[in-house]
1. For the range 25-32, in order, what is each residue's ³J(HN,Hα) by Karplus, 6.51 cos²θ - 1.76 cosθ + 1.60 with θ = phi - 60°, in whole Hz (x at glycine and Pro)?
2. With N residues in the chain, what two-decimal value do you get for its Cα radius of gyration over 2.2 N^0.38 Å?
3. Helix 219-232 against the longest principal axis of the chain: what's the angle in degrees, Cα atoms only, rounded to the nearest 10?
4. Give me the percent relative contact order of the range 113-178, please, defined on Cα pairs under 8 angstrom at least 6 residues apart.
5. Please list, by residue number, everything in the range 6-34 whose backbone N is under 15 Å from a paramagnetic label point 7 Å out along Cα→Cβ of Glu58.
6. Provide the packing ranking of 148-156, 42-50, 72-80, i.e. peptides ordered by the mean count of other C-beta atoms within 10 Å per residue, highest first.
7. Roughly how far apart, in whole Å, are the Cα centres of the range 94-124 and the range 49-78?
8. Cα axis of helix 199-215 to longest principal axis of the chain: angle in degrees, 0 to 90, nearest 10?
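Values quoted throughout were computed directly from the atomic coordinates according to the rules given, and no laboratory measurement underlies them. These numbers come from a predicted model, not from an experiment. We place every Cβ from the backbone using ideal geometry, glycine too, and count neighbours over all the protein chains shown.
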Amino acid sequence: ALAMALKGYVLRVQGRYTAAIAQCEAVLALVEAGEGKEQVALALAHRNAGLCYLRQGELERGRLALQQALEHYRQLDLAYDVGMVHHDLGLLHELMGDLVGAAGHYRAALAYWEQIGSAGPWANTLNGLGVVQTLMGDYQAAASTLDAALARSRQAGNRRVEAYVWASLGDLHRDRGAYGRARDAYLQTIDVAEHTRTGFIVMYALNALGNVARLSGDMGAAGGYLQRAMELA
């Protein structure tokens, strides 16, 4: 069951969500309840399925699966995994438009990172919270949170998370009308992301640069950035 759950994890990372969900369902059929490694397999299968549903837009199914994963990890007393699932639920509630719920889960995850001291996940969760604060219009809090996320990502040496934080800072500056600073942040996003070969965030930043150029009235540059984003997509 554990081997099958890990295979499902690999399938999800590859973007093969339907196949990953089928693998998770096979795990759940094999092990309905259990202790130790069996419960670890159950927790991993529920979390993996939840994240796949999230990517497919089936947010309520994703929420239910992640809640089940959270309960299993709590029973196993695995603080790191509990923190990770709280982060996942933060993202899911953000996508559902429940910003207050998202902030609550992100803060719950942060409590675990403060306890454990895992700088990489800490940075990632700070970034999630900063995005939610931006969406809420609390720009001062968002700026402080994202600056902290940038510092943590650099402390961890996690350039992938650093790229995401730069993108979030770009969004914050754009929403505040600081288009020059937004452009600089998005260019920094691309520079960092290209070192980690994180294609999605490069595409996101190119699209965002096109939007900022459009808002600034530079339609020629906007078209160029958007065409590059489309080709990469």
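1. Those phi angles translate into 5, 5, 5, 5, 6, 7, 10, 7 Hz.
2. Working: Rg = 18.8 Å, N = 233, 2.2 N^0.38 = 17.5 Å.
My calculation over the Cα atoms of the chain gives 1.08.
3. Tilt relative to the chain: about 30 degrees.
4. Details: 71 pairs, mean separation 23.2, N = 66.
It comes to 35 percent, rounded to a whole number.
5. 12, 16-29
6. Details: 148-156: 19.1, 42-50: 26.8, 72-80: 15.8.
Descending packing order for the listed peptides: 42-50, 148-156, 72-80.
7. Each part's Cα centre sits 15 Å from the other's.
8. Between the helix axis and the principal axis of the chain, the angle is about 30 degrees.
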